[in-house]
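Engineer: Have a look at the structure that comes next, please.
Rule-based calculations on the coordinates, nothing more; no lab input. What you are looking at is a predicted structure, and each value in this text was computed from that prediction instead of being measured. Here Cβ is always computed from backbone atoms with ideal geometry, including for glycine, and neighbour counts include all displayed protein chains.
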Amino acid sequence: MAVQSDVQVASAAGAAALTRRSRARKRNGLAAYLFLAPYLVLFLGFIAAPAIFGIWISLHDYDFALFYKPWVGLANYTSLFTPGSRDFGNFWQAMKATGIFTLFSVPCLVVVPLLIALLLNRKFPGRTFFRAVFFLPYVLGVAVIGLLFRYMLDPNVGVVNYFLGANIPWTTDLPWVWVSLVGMTVWWTLGFNALIYLAGLTDISPELYEAADMDGANRWQQFANVTLPGLRQVMVFVVTTTILASANMFGQYFILTKGAPGTATRTIIGYIADEGLRSFRMGAAAAMSYVFAIVLLLVSLVNFKVFNRGDAS
Amino acid sequence: MTTTSPSALTRRSFMALAGTTGAGLGLAACGGGSSPAGKAGAPDTGSGGAEYTGPAVELSFWNGFTGGDGTVIKKIVSDFNAQAKNVKVTMNIYQWADLFQKLPAAVTTGKGPDVGALHIDDIPTNAARNIIVPIDQVATALNLQESDFSPAVWQGGVYKGQRYGIPLDIHPLAFYWNKDVVSKAGLDPDKPPTNKDDYEAALDQLKGKGVQGFWVSPFQFTGGFTFQSLMWQYGADAFDADLTKATFDADGSVQALQWLVDMITKGYSPKNVGQDADYVAFKNSKNAFNWNGIWQINDLKSQSKFEWGVGPVPQIGSEKGVWGNSHQFVQLRQLKPDQNKLDASRYFINWVSQQSAEWAKSGKIPAKKSVAEGADFKALTEEYSLAPESEYVHFPPAVPGIGDALAELYTAVNNAVLLKSSPQQALSDGAAKATKILQDNKKKYGV
């Protein structure tokens, strides 16, 4: 609500400005550009220019340390779509790994933090303590989390199997490795999403709940008709950032499974890093990055389409 | 001044990495290697490092000694600083994998160190990529003779006829046995098995007492090293002599991997051994035998929970053979070569090379035979017991980009040991990919 009224004020101010003399408008415009300039410089220098240079790299057999960087045209791209080429099998296996991880981690990371945020939004003794507890894992680095889980989940010497009295191959065999990777990531990052939800929840006016209460809505009806619509914008943010973060998964597999079994859990970011930074095949790695970026772009489009359709109804 | 820099992997930085993969590569590309490889950074004054007489200089030295060997190298460097006039060395320690990635970027942007230590198989890659420069003069000044080294360690520092690496040590795989576990099973803790029959008999006896005595790791540490040792013992090799074709799917290799997988199917090893679990189990007296690096000696010495022994790896196949690697000193290319620094670096390398008996205390075998046979090294009982291995140790082959091809070998071992494919299938799949990589690399590096 607050956002909307701000927008109204802003547009009213804009309308007033239109009536002013053009000289003042020009000066205002200049000020706006000046304020934008620092970010623009950073954006152009560190995002736009390298991204364009990356396309140039992807058209070469590129190794920055080598004198000869032969032009290969689209070969780095076509090889990704040619069965039997050096990268075809690995690339698509890695894309699949990323896909599986995203598919399972995103729903968990959208739903579980919401439930936790709902709990943490209620008034009870020790609420601040629990808020901190749920957020705590997020401040740890992936190396810490990864090693911790690697030892806890070790199939033979891990404490989890010890208490279960089982021999579940959490870190070495399908499908358990995915359970571990998703579970570990959810535990690690749910605090961040929960925090965003919590902020969204406190933004929903208590009067709406009072009104719903008076209309005789029960808890579930209040959740469905007040809470969820009130969290709409927050939900878009959470879903979008969680999809992107999950699609970029790297550190978890790198430490927990090293890709095991075989290379089944090596994600696309892992493969791009292997090829670009270990084998110094930067042209091929850049091409893979672009194909992956396009896929992510398509996913984001679908994502926005879905949320917009919800808007229309 | 020593800074340890563990890889700081945060989720955010990976998000950033993905978002700007193109960007990062683009920035890295700004350096650019514009001079051909194989040229020394500056003309040589001829001293080759026997002494340094120039003005005061500071040198930086990068390496990957993150383990117990870090303490030893720190002492050696501070000893050097204490005695050297006009030369001060500061050291940075990185994870080996980080160092391998950082060095090229640092060197091509002119921020590289003066001296580094690398593994023997990383030397050709860095020589071909013009990251390190030839140091034949240092070898001459040190009066290094081929006859004073095992051929593998001597040849490993050479690329296209020029010397890039001054050998510091050899660190082979070793055979560790847990004396407590072995005694409990009724075996003689002072007579470890040395051949196939004894080895299997011992494992069988351990199994009878309810101990899985030889945990087989599916990962490079230590399964990949164990497999390669067996491969050479079965008379096979990972690649053909010209390094144009991966041969680790040949009969000998398949037999070697089959033997390793049989350890699991026969119940001498549990299935699904996790990363480091073989060694963790060994240290907790759940595992009797572990084929692990010589570098673990100091770690085992630092505990008193159980008694242990160390010796050369048993001979399972028809020949002797063991995996090993070697640390070598290298000199980094400088965008603005400083003659004084070059001379001082050579002096530093020269001086430290003569301390290789001291260095051996970090769990290494000195590269030089004369030092390895000297009284100082003989006093290191555990390390010295592994000296015979230096006669038949195999290093990863010295050709640019070999790590890319070896990664396929390790994946094959992983697939077979985790029982996802048969040894034959896993090795054939891996070798086909590795051959493709070797051929690509040949084209790329023009060797």
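Engineer: Would you mind calculating the gained length between A:Tyr68 and A:Phe81 on full extension (0.36 nm times residue separation, minus the Cα-Cα distance), in nm to one decimal? Could the numbers behind the result be given before it?
Structural biologist: On the way: separation 13, 0.36 × 13 = 4.68 nm, distance 2.58 nm.
Going from the current span to full extension adds 2.1 nm.
Engineer: Using the charge dipole of the protein assembly as shown (Lys, Arg: +1 at Cβ; Asp, Glu: -1 at Cβ; taken about the Cα centre), state which of B:Phe348, B:Phe175, B:Gly210 has its Cα farthest towards the positive end.
Structural biologist: So the residue furthest toward the plus end is B:Phe348.
Engineer: Using alpha carbons only, how many degrees (0 to 90, rounded to 10) separate the axis of helix B:402-417 from the longest principal axis of chain B?
Structural biologist: The helix B:402-417 is inclined about 20 degrees to chain B.
Engineer: Counting other beta carbons within 10 Å of each Cβ, put B:Leu173, A:Leu36 in order, fewest first.
Structural biologist: Exposure proxy ranking, most exposed first: A:Leu36, B:Leu173.
Engineer: Here's something else I'd like to know. Take A:Met282, A:Met184, A:Met249 and order them by how many other Cβ atoms sit within 10 Å, fewest up front. All intermediate terms of the calculation are to be shown ahead of the outcome.
Structural biologist: Details: A:Met282 31, A:Met184 24, A:Met249 27.
With the fewest neighbours first, A:Met282, A:Met184, A:Met249 line up as A:Met184, A:Met249, A:Met282.
Engineer: Modelling each spin label as a point 7 Å along the Cα-to-Cβ direction, I'd like the A:Asn28/A:Phe237 distance in nm, to one decimal.
Structural biologist: Between A:Asn28 and A:Phe237, the label points sit 2.8 nm apart.
Engineer: On to the next question. How large is ³J(HN,Hα), in whole Hz, for each residue of region B:378-391 in order, when computed from phi with the Karplus curve 6.51 cos²θ - 1.76 cosθ + 1.60 and θ = phi - 60°, using x for Gly and Pro?
Structural biologist: Those phi angles translate into 4, 5, 8, 3, 5, 4, 5, 5, 9, 3, x, 5, 5, 6 Hz.
Engineer: Could you tell me the calculated FRET efficiency between B:Glu307 and A:Asp213, based on Cβ-Cβ distance and R0 = 56 angstrom, to the nearest 0.05?
Structural biologist: On the way: r = 73 Å, r/R0 = 1.30.
So the FRET efficiency works out to roughly 0.15.
Engineer: Of A:Phe292, A:Gly126, A:Ile268, which is farthest on the positive side of the dipole of chain A, counting Cα position, with +1 on Lys and Arg Cβ, -1 on Asp and Glu Cβ, and the Cα centre as origin?
Structural biologist: My answer, from the dipole projection, is A:Phe292.
Engineer: Using only the alpha-carbon atoms, how far is helix B:196-208 inclined from the longest principal axis of chain B? Give it as 0 to 90 degrees, nearest 10.
Structural biologist: Approximately 60 degrees, to the nearest 10.
Engineer: Just round it to a whole percent: the fraction of Cα-Cα distances in region A:83-312 exceeding 22 Å. Each step should come with its number before you reach the end.
Structural biologist: Numbers: 15963 of 26335 pairs.
Value for region A:83-312: 61 percent of Cα pairs lie more than 22 Å apart.
Engineer: Starting from the 7 Å offset along Cα-to-Cβ, what nm value, one decimal, do you get for the label separation of B:Lys207 and A:Trp220?
Structural biologist: Placing both labels 7 Å along Cα→Cβ, they lie 5.8 nm apart.
Engineer: Under a GNM of chain A (C-alpha, springs under 10 Å), which listed residue has the highest mean-square fluctuation: A:Val112, A:Val133, A:Val238?
Structural biologist: A:Val133
Engineer: Taking amide H atoms as placed 1.01 Å from N in the peptide plane, list the residues 5 or more away in sequence, or in a different chain, whose amide H sits under 5 Å from that of B:Trp308.
Structural biologist: Amide H neighbours of B:Trp308: B:Lys179.
Engineer: Here is a further query. If amide hydrogens are placed 1.01 Å from N in the peptide plane, which non-local residues have theirs closer than 5 Å to the one on B:Ala174?
Structural biologist: Hits under the 5 Å cutoff: B:Asn292, B:Gly293, B:Ile294.
Engineer: Please sort through the DSSP H helices of chain A and keep those with an alpha-carbon extent of at least 24 Å along the long axis and a Kyte-Doolittle average not below 1.0. Walk me through the intermediate numbers first.
Structural biologist: On the way: long enough: A:2-19 (26 Å, 0.88); A:22-43 (30 Å, 0.44); A:88-120 (47 Å, 1.68); A:176-203 (39 Å, 1.16); A:282-312 (44 Å, 1.33).
In chain A, the long hydrophobic H runs are A:88-120, A:176-203, A:282-312.
Engineer: When Lys and Arg each count +1 and Asp and Glu each count -1, what net charge do the other residues less than 15 Å away from A:Leu118, Cβ to Cβ, add up to?
Structural biologist: +4
Engineer: Could you tally the net charge around B:Gln424, taking each other residue with its Cβ under 12 Å from the Cβ of B:Gln424, Lys/Arg +1 and Asp/Glu -1?
Structural biologist: Numbers: positive: none; negative: B:Asp249, B:Asp251, B:Asp429.
Overall, the nearby charge balance is -3.
Engineer: For chain A, with the dipole built from +1 on Lys and Arg beta-carbon atoms and -1 on Asp and Glu ones, taken about the Cα centre, which of A:Asn161, A:Val186, A:Leu277 lies farthest toward the positive end?
Structural biologist: In chain A, that residue is A:Leu277.
Engineer: Which of B:Ser229, B:Ser304, B:Ser147 moves most in a GNM of chain B, Cα contacts under 10 Å?
Structural biologist: B:Ser304
Engineer: Can I ask one more? Dipole magnitude of chain B about its Cα centre, charges +1 at Lys/Arg Cβ and -1 at Asp/Glu Cβ only, in debye to the nearest 20? Write out the running numbers ahead of the final one.
Structural biologist: Working: 41 positive and 44 negative charges, 271 e Å.
Computed about the Cα centre, the dipole is about 1300 debye.
Engineer: Give the order of A:Ile100, A:Ile272, A:Ile145 when sorted by the count of other beta carbons within 10 angstrom, beginning with the fewest.
Structural biologist: In increasing order of surrounding Cβ atoms, one gets A:Ile100, A:Ile145, A:Ile272.
Engineer: I'd like the FRET efficiency for A:Leu40 and B:Asp190, computed as 1/(1 + (r/R0)^6) with the beta carbon distance as r and R0 of 56 Å, rounded to 0.05. Walk me through the intermediate numbers first.
Structural biologist: Values: r = 74 Å, r/R0 = 1.33.
Efficiency, from the Cβ-Cβ distance: 0.15.
Engineer: A follow-up question, please. Anyone know which of A:Gly191, A:Gly141, A:Gly183 comes out most mobile in the 10 Å Cα GNM of chain A?
Structural biologist: Fluctuation is largest for A:Gly141.
Engineer: Show the residues, 5+ positions off or on another chain, whose built amide H is closer than 5 Å to the amide H of B:Arg163.
Structural biologist: Counting only residues 5 or more places away or on other chains, the set is B:Ile135, B:Asp136.
Engineer: Let me ask something additional. Taking square-rooted eigenvalues a ≥ b ≥ c of the alpha carbon gyration tensor, is region B:61-199 rounded, prolate or oblate, where a/c under 1.5 means rounded and, failing that, a/b exceeding b/c means prolate?
Structural biologist: Details: a/c = 2.12, a/b = 1.78, b/c = 1.19.
Prolate, because a/c is 1.5 or more and a/b exceeds b/c.
Engineer: Relative to the longest principal axis of the C-alpha atoms of chain B, give the angle of the C-alpha long axis of helix B:423-445, reported between 0 and 90° and rounded to the nearest 10°.
Structural biologist: Compared with the principal axis, the helix lies near 10 degrees.
Engineer: List, in order, the whole-Hz ³J(HN,Hα) value for each residue of region B:210-225 obtained from phi through the Karplus relation with A = 6.51, B = -1.76, C = 1.60 and θ = phi - 60°; use x for Gly and Pro.
Structural biologist: Computed from phi, the couplings for region B:210-225 are x, 10, 7, x, 9, 6, 9, 7, x, 9, 3, 8, 10, x, x, 6 Hz.
Engineer: With +1 on each Lys and Arg Cβ and -1 on each Asp and Glu Cβ, how big is the dipole of region A:83-312 about its Cα centre, in debye rounded to the nearest 20? Display every interim value, and only then the final one.
Structural biologist: Details: 15 positive and 11 negative charges, 79 e Å.
Dipole size: approximately 380 debye.
Engineer: Can you give the local net charge around B:Asn350? Use residues other than it whose beta-carbon is closer than 12 angstrom to its beta-carbon, Lys and Arg +1, Asp and Glu -1. Could the numbers behind the result be given before it?
Structural biologist: Details: positive: B:Arg346; negative: B:Glu51, B:Asp343.
After counting each charged neighbour, the total is -1.
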